[in-house]
Every structure is written in C-alpha cells, then in structure tokens.
Amino acid sequence: MKDELDFTTFKNLVSRELDLRLDSYKLNRVERRVYSLMRRHDLTSLQECLHQIKKDSTFREAFIKHFTINTSEFYRNPTSFGYLEENVLPSLFQRLSKVNIWSAACSNGAEPYTVAIILEEQGISPQKYRILATDIDRFILDIAREGIYSSQSLLRLDKKLVKKYFTMVGEDQFQLNPEIKKLVQFKYQDLLKEEFTTGWDLIICRNFFIYLTKEGKETLTRRFASVLNKEGILFLGNTEFLMDPASFNMKKLAGSFYQKLS
Ligand SMILES: C[S@@+](CC[C@H](N)C(=O)[O-])C[C@H]1O[C@@H](n2cnc3c(N)ncnc32)[C@H](O)[C@@H]1O
C-alpha cells in the first residue's frame, strides 16, 4: 500500500489515539521502532499501521510494548550502585527518620529490588523507608511483581546475595524471595503525562532520559526537581548528565548523582 501519511502526521495521530506523548521521545528512535514493528507484522504503510492501531487492541498493546525497551539488571553499573550503597543511602538514613525512594521507569524491577536488597543487607528496618517503582509498560510491571529472573539479570549481583535472596524455580529461573518482593510497591505511571507526588528523598531514573529529546529531558528534570525534598538525590543512568544542574536548583554530587539545593 502506498504511504499517504508522512511520519510526523502519523506520530501525531498515534499520540492522540494512544494518549502517548511521543513528541518528547527522539524522533529517529520512534521512527526506527515503528518501522521495525511494521516489518514484524507485515504492514507496508503508516496508514495501514494506524488502521491496525485503531481496530486491533492486541496490536495496540504490541505497539506500546515494542516501543518500550525494557533492558535492566540487578546492580546495573556496579560503580554507581556502589556509590549509592556506600555514600548516598547511608547519608540519607543518617539525616532522615523515613526515606522515600522512587524508581521511575523501573522496567522488570531489577533496579528497585537491588535497592531493597542493599537496605536489607545494611540492616535498615523497612519501617524507615518506602520504595515505589513505576513504569508505563503494564506487561513488564507484571513481570516485576512476579520477580523471576534469568541468571543473565543477576550477573552483577554478588553470588552470596543471589544465594541468599533467590530460589531456583526452573531452568535458568530464579525467584526473588517474598521478604524482598514485599519491600517494593509497583504502579503504572506515564512519566511524560501524569502528575507526580511530592516528598521524594531519592529519585532513581536511569536509562530513560536517553530516549528523550532535549526539551523532554529538561521538562522531566524540572518536574523531578520540583518533587524532590531539599537535599534529595536524583540518580540518573551512567550516560545521562545534566549540563547545567544549577538551572534546576541542583548540584552534581558524583557520576550521575545530583542533589537538590534548597
Ligand atoms: C531501559 S529501561 C530502564 C530500566 C531501569 N531503569 C534500568 O536502568 O535498568 C526503560 C524503561 O522506561 C519505560 N518507559 C518508557 N516510556 C515511559 C514513560 N513515558 N513513562 C514511564 N516509563 C516509561 C520502559 O517501559 C522501560 O521499562
């Protein structure tokens, strides 16, 4: 079928149809993902793809799912998680009687569960913190709640901790123990659209900024800064940096850790 739609028109129509803020994502990435999904479903035009999105709820779900990249693992980027473990968390718990932690764009849960394991290892009572983990992908949130991982996801976690907190339940399947699972609350949330709750001491948003346009990143940073408590920390991915932290009322602590000033 000949394409009567240009990509920008298609993107605007899909954004409306699916209620997604596709404008905040880098255009070439959105384009690549859409065309690869179309190839997979033998769709030859954007028109056809839009038609499919409108009439077929299974395809709609496949579209959203294909669009989100869920790569994650426990203790991803050990140097950064080491800094979190040895510096950021101890200083938060020294300063505060209750620490509110939000893992935004949490994917399969490896990230918030890593924090829960660290806190358990540090002997911090669960009454002293709350971990909320959110993502736009309902399918990956179900996987997170289930808490079963392959050995690949656990490669960077200390072997002793794997032994202590996971049970083998199948070939290359490791179930996270219930006492850690219950420390994290999972919730659906679109970071580009929905209101944020306030009062966070640590916001972890890693490997999500990379998909956003410059304006998308700035808007999100401003929104995170507005809901962080004074001296709260924003923990980004290893390739994600704030060019001018002061313009967001933040200062750089180390690596991709930023602290809200006032
Ligand atoms: C590469 S994963 C990052 C996972 C984890 N933070 C890490 O670094 O290991 C990116 C996640 O962003 C989620 N995502 C994409 N768009 C989103 C949006 N608008 N709101 C919330 N999450 C979104 C995807 O579903 C995916 O799980």
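The values are calculated or read from the model by the stated rules, or taken from the named source; none is laboratory data. As the structure is a computational prediction, the values presented were derived from the model and not from experiment. For neighbour counting, all protein chains shown are included, and Cβ atoms are generated from backbone atoms with ideal geometry for every residue, glycine included. Calculation scope for accessible area: heavy atoms of the full protein, side chains included, ligands and nucleic acids excluded. Shrake-Rupley method; radii C 1.70, N 1.55, O 1.52, S 1.80 Å.
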With all protein chains present, how much of the accessible area of the chain (probe radius 1.4 Å) comes from carbon and sulfur, to the nearest whole percent? 49 percent
Accessible area per residue, Å², segment 40-125 with all protein chains present, probe 1.4 Å: 43 Å²
So, over other residues within a Cβ distance under 13 Å of Gly216, counting Lys, Arg +1 and Asp, Glu -1, the net charge is +3
Amide N proximity, segment 195-220 versus Lys98 label position 7 Å along Cα-to-Cβ, cut-off under 18 Å: 197-203
Counting C-alpha atoms alone, how compact is segment 7-67: give Rg to one decimal and Dmax as a whole number, in angstrom. 10.3, 27
Quick one: helix 57-67 against the long Cα principal axis of the chain, what's the angle to the nearest 10°, folded into 0 to 90? 60 degrees
For Gln185 and Arg21, extending 7 Å from Cα along the Cα-Cβ vector and measuring point to point gives, in nm, a value of 2.3 nm
Got the relative contact order for the chain handy, in percent, Cα pairs under 8 Å and 6 or more residues apart? 17 percent
Normalised per residue, the volume inside the convex hull of the alpha-carbon atoms of the chain in Å³ amounts to 130 Å³
Determine, from the Cβ-Cβ distance of Phe241 and Phe7 and an R0 of 25 Å, the FRET efficiency 1/(1 + (r/R0)^6), rounded to the nearest 0.05. 0.30
FRET efficiency for Lys252 and Thr219, Cβ-Cβ distance as r, R0 = 22 Å, nearest 0.05? 0.65
Roughly how many nanometres apart are two label points built 7 Å out from the Cα toward the Cβ at Asp42 and Asn70? 2.6 nm
